[in-house]
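*Asks:* Please see the structure below; I have some questions.
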Amino acid sequence: MTELLSNYISGQWLNGQGAGTTLHDPVLGTALVRVDASGLDLAAAFAFARHHGGAALRALTYAQRAAMLGAAAKVLQANRDTYYDISTANSGTVKNDTAVDVDGGIYTLSTYAKLGESLGDAHFMRDGDPARLAKDPLFQSQHVLTPTRGLALFINAFNFPSWGLWEKAAPALLSGVPVIIKPATTTAWLTQRMVKDVVDAGILPAGALSVICGSSAGLMDQLEPFDVVSFTGSADTAAIIRSHPAVTQKSVRVNIEADSVNSALLLPGEAVGSEAIDLLVKEVAREMTVKSGQKCTAIRRVLIPESLYDSVAQALSARLAKTTVGNPRNESVRMGAVVNREQFKAVHDGLAYLKAQTTVLHDGSSHALVDAETSIACCVGPTLLGTGNAAGSDAADRVHDTEVFGPVATLVPYRNHDLDHALQLIRRGQGSLVASVYGSDPEALGKAIPELTDSHGRIHVISPDVAALHTGHGNVMPQSLHGGPGRAGGGEELGGLRALNFYHRRAAIQASTAVLTQLK
Ligand code: NAP
């Protein structure tokens, strides 16, 4: 029998009462560890976090909490090798892909430790300047933000067990709000180990950080009006969370990061061989293959003028053909596995669904697996599809609606010189996390970008002058907002100190100027 991972609640490590769910290595098929959350006293766990964890965190200043985040980041840094091993075994990722999750998480935590220092010794934040309510500036309105007196429940997706934890926990803990994290079962091991290392280091007050691994049953039922819930995952589960009575009846604040059919757009006017086209090809190939395409921000649709369809298809296919797929332990392998058999099947089903309206430009099944058994390993070669021509892009509704969560993208040509057509096609994604835009004319780029900002949380612009500097279409930087309108869930995370808003309550204080200056 494999080890059963403990849950950390009410300041104690506790095992679930059932046999548990076994986590597997998606490349070798071996059993790794088990998780189980049955029989836990969730009501007591939530009350402990809310009352003990919350009170202890709120007693500290922003600067003190920032120092705790910095200390936690050091602990994680010291244990980085273990996290890489867990990630290879449980997520099937090559080192570069593990870095996106593990190092990305530690970097985000460190960034919030630094940002938090700037908030100093305060216990609340002023929001804007006082506004005069009467003729003389003697009676004014000042908005303030104070940490909510509840807890933050995080329900996370399987693809980022490290980054997904820390990108949420860093702003919550900095705000003074205790965290209960429920990682996706499939990859819960890494989240559990990171929480364990930070808890064992004794950096955080009891109740500040709890982890529950296993079923989500009963978690939402514990939420009270001042709690918040932040969810990352599929649109179907998001709908369940949104309609839960905690949200509909108790006004529990909810943040949703769901799926998204993100785009890359090459502006009209680029000639074959231009640097902007090379940059697009490089970025699309990278986005398709990093983490085997299991990134909510990955490029799914590639919009190019119709006249460039064949040349871009050839350049992209040539690049994808070089991707070695298989066992991430083999140094020659560039792309590992998808996370489990269910996802393996979901990617193949999704591909079949898209293929009915597209043609295959590069076939993932042409990639022989390195050091891996085809009947066991959940490895999928990168597949590029195409709609053929601009009319095909209009007709292929599935391409605009369907997120295949794997190494799959579709080339979507638009009418030559017709940027409006490209924008129209992009908007059929109904709101996305990110779009990247490629071109060499700053004026044309500057004009196109505002056409995309209403339907995207982030626009990543790749022009030749930033070729060696830009941070990547799919990489979520803590300085920039992460989230997207409409289908992407309508949520907002990160964006520097903006992330703290979710964990604070805003109130207007109407008082004399003399009183307002004394607010401490
Ligand atoms: P999922 O099946 O919706 O699961 C997400 C989380 O919800 C897991 O922790 C899951 O627990 C939990 N859950 C399942 N049923 C629940 C219920 N009835 N009540 C409360 N929680 C429940 O999604 P996934 O397959 O893990 O993730 C893939 C999807 O996430 C993709 O569509 C991707 O686009 C999206 N994603 C979005 C972002 C973003 O930032 N926008 C980031 C990453 C991924 P169990 O694992 O125990 O079932």
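*Asks:* Which of the residues belonging to segment 440-478 are open to solvent by less than 20 Å² (accessible area, probe 1.4 Å), under 22 Å from K291 (Cα atoms) and more than 16 Å from the ligand (Cβ to nearest atom)?
*Replies:* Within segment 440-478, just I462 meets the criteria.
*Asks:* Something else: Checking A264 against (1) within 30 Å of K447 (Cα to Cα); (2) among the small types (G, A, S); (3) open to solvent by 10 Å² or more (accessible area, probe 1.4 Å), which test does it fail?
*Replies:* Failing condition for A264: (3).
*Asks:* Find all pairs meeting these conditions: Cβ atoms under 7 angstrom apart; at least six residues apart or on different chains; first residue within segment 176-189 and outside the structural domain of G53 (by TED's automatic domain parsing); second residue assigned to a loop (DSSP other than H, G, I, E, B) and surrounded by fewer than 24 Cβ atoms within 10 Å (Cβ to Cβ).
*Replies:* Qualifying pairs under 7 Å: none.
*Asks:* Test A346 against the criterion of being open to solvent by less than 60 Å² (accessible area, probe 1.4 Å) and over 23 Å from V281 (Cβ atoms), and give yes or no. Lay out the reasoning, then the answer.
*Replies:* On the way: open to solvent by less than 60 Å² (accessible area, probe 1.4 Å): yes; over 23 Å from V281 (Cβ atoms): yes.
Yes: the conditions hold for A346.
*Asks:* Any idea which of (1) of a type outside the set (V, I, T); (2) touching a Phe, Trp or Tyr at 6+ places or on another chain (Cβ under 8 Å); (3) more than 30 Å from D221 (Cα to Cα); (4) buried (at least 21 other Cβ atoms within 10 Å of the Cβ) is the one M335 doesn't satisfy?
*Replies:* For M335, the exception is condition (2).
*Asks:* Which one is nearest to the ligand (Cβ to nearest atom) among residues in segment 228-249 that are over 21 Å from the mean Cα position of the chain (by Cα) and either within 20 Å of A169 (Cα to Cα) or open to solvent by 80 Å² or more (accessible area, probe 1.4 Å) (or both)? Don't jump to the end; show me each part of the working.
*Replies:* As a first pass, look at segment 228-249 and keep what is over 21 Å from the mean Cα position of the chain (by Cα): 243-249.
Retained after the next criterion (residues that are either within 20 Å of A169 (Cα to Cα) or open to solvent by 80 Å² or more (accessible area, probe 1.4 Å) (or both)): 248-249.
Numbers: T248: 14, Q249: 17 Å.
Among them, the one singled out is T248.
*Asks:* How about segment 199-208: which of its residues are over 21 Å from L23 (Cβ atoms) and in contact (Cβ under 8 Å) with a residue 24 or more places away in the chain?
*Replies:* Listed by number, the residues that qualify are A201, I203, L204, P205, A206, G207, A208.
*Asks:* Here is a list: T111, T93. Which entry is part of a loop (DSSP other than H, G, I, E, B), in contact (Cβ under 8 Å) with a residue 40 or more places away in the chain, out of contact with any Phe, Trp or Tyr (no Cβ under 8 Å at 6 or more places or on another chain) and among the hydroxyl-bearing types (S, T, Y)?
*Replies:* Within the list T111, T93, the selection yields T93.
*Asks:* Continuing with this model, one more query. Which of the helices (runs of 4 or more DSSP H) contained wholly in segment 244-322 include at least 3 residues that are at positive phi and assigned by TED's automatic domain parsing to the domain that holds F344? Write out each step before concluding.
*Replies:* On the way: elements: 245-248, 275-289, 309-321.
Fully inside segment 244-322 and qualifying: nothing.
*Asks:* Do we have any residue at all in segment 27-49 that's touching a helix residue (DSSP H, G or I) at 6+ places or on another chain (Cβ under 6 Å) and hydroxyl-bearing (S, T, Y)?
*Replies:* No, segment 27-49 has no match at all.
*Asks:* Something else: Can you name the residue in segment 284-341 that is basic (K, R) and within 16 Å of the ligand (Cβ to nearest atom) and is also nearest to L266 (Cα to Cα) among such residues?
*Replies:* To start, the set of residues in segment 284-341 that are basic (K, R) comprises 286, 291, 295, 300-301, 319, 322, 329, 334, 341.
From what's left, within 16 Å of the ligand (Cβ to nearest atom): 291, 295, 300-301, 341.
Details: K291: 24, K295: 21, R300: 14, R301: 11, R341: 35 Å.
Of everything passing the filter in segment 284-341, R301 is nearest to L266 (Cα to Cα).
*Asks:* All but one of (1) out of contact with any His (no Cβ under 9 Å at 6 or more places or on another chain); (2) crowded, with 22+ Cβ neighbours inside 10 Å hold for V380; which doesn't?
*Replies:* (1)
*Asks:* In this structure, is L308 closer than 18 Å to H473 by Cβ and open to solvent by less than 20 Å² (accessible area, probe 1.4 Å)?
*Replies:* It is false that L308 is closer than 18 Å to H473 by Cβ and open to solvent by less than 20 Å² (accessible area, probe 1.4 Å).
*Asks:* Right, another one. Output the helices (runs of 4 or more DSSP H) that fall wholly within segment 1-79 and possess 1 or more residues being open to solvent by 30 Å² or more (accessible area, probe 1.4 Å), modelled with pLDDT of 95 or more and outside the structural domain of E224 (by TED's automatic domain parsing), or say none. Reasoning before the result, please.
*Replies:* Values: elements: 42-48, 54-58, 62-78.
Output list is empty.
*Asks:* Among the residues of segment 487-504 satisfying the criterion of being open to solvent by 40 Å² or more (accessible area, probe 1.4 Å) and touching a strand residue (DSSP E or B) at 6+ places or on another chain (Cβ under 8 Å), which is farthest from the ligand (Cβ to nearest atom)?
*Replies:* Narrowing segment 487-504 to residues open to solvent by 40 Å² or more (accessible area, probe 1.4 Å): 487, 490, 492, 497-498, 501.
Pick out the ones that are also touching a strand residue (DSSP E or B) at 6+ places or on another chain (Cβ under 8 Å) and you get 487, 490, 492, 498, 501.
Numbers: R487: 10, G490: 10, E492: 11, R498: 16, N501: 18 Å.
Taking the candidates together, the pick is N501.
*Asks:* For residues that are in a strand (DSSP E or B) and either more than 9 Å from the ligand (Cβ to nearest atom) or not basic (K, R) (or both), tally how many sit in segment 147-189.
*Replies:* 8
*Asks:* Also: Could you tell me which of the residues G491, G484 is among the small types (G, A, S), modelled with pLDDT of 95 or more, assigned to a loop (DSSP other than H, G, I, E, B) and under 21 Å from E287 (Cα atoms)? Can you show your working first?
*Replies:* Details: G491 fails: under 21 Å from E287 (Cα atoms).
On inspection, the qualifying residue turns out to be G484.
*Asks:* Moving on to the next point. Does V404 satisfy the criteria of being in the same structural domain as G269 (by TED's automatic domain parsing), buried (at least 21 other Cβ atoms within 10 Å of the Cβ) and in a helix (DSSP H, G or I)? I'd like the intermediate steps shown before the answer.
*Replies:* On the way: in the same structural domain as G269 (by TED's automatic domain parsing): yes; buried (at least 21 other Cβ atoms within 10 Å of the Cβ): yes; in a helix (DSSP H, G or I): no.
It is false that V404 is in the same structural domain as G269 (by TED's automatic domain parsing), buried (at least 21 other Cβ atoms within 10 Å of the Cβ) and in a helix (DSSP H, G or I).
*Asks:* So, one more: Determine which member of the set G214, G218 is surrounded by 21 or more Cβ atoms within 10 Å (Cβ to Cβ) and within 10 Å of the ligand (Cβ to nearest atom). Quick ask: steps written out before the conclusion?
*Replies:* On the way: G218 fails: surrounded by 21 or more Cβ atoms within 10 Å (Cβ to Cβ).
After applying the criteria, what remains is G214.
*Asks:* For the condition free of Cβ contacts under 8 Å to residues at least 12 places away in the same chain, farther than 26 Å from A488 by Cβ and either open to solvent by 40 Å² or more (accessible area, probe 1.4 Å) or among the β-branched types (V, I, T) (or both), what is the one hit in A271, A352, A315?
*Replies:* Numbers: A352 fails: farther than 26 Å from A488 by Cβ; A315 fails: free of Cβ contacts under 8 Å to residues at least 12 places away in the same chain.
Just one listed residue meets the conditions, A271.
The values are calculated or read from the model by the stated rules, or taken from the named source; none is laboratory data. From a predicted model like this one, the values you see are computed outputs, not experimental measurements. When we count neighbours, we look across all protein chains shown, and the Cβ atoms used for this are built from the backbone with ideal geometry, even at glycine. SASA here: full protein model, heavy atoms, side chains in, ligands and nucleic acids out. Shrake-Rupley method; radii C 1.70, N 1.55, O 1.52, S 1.80 Å.
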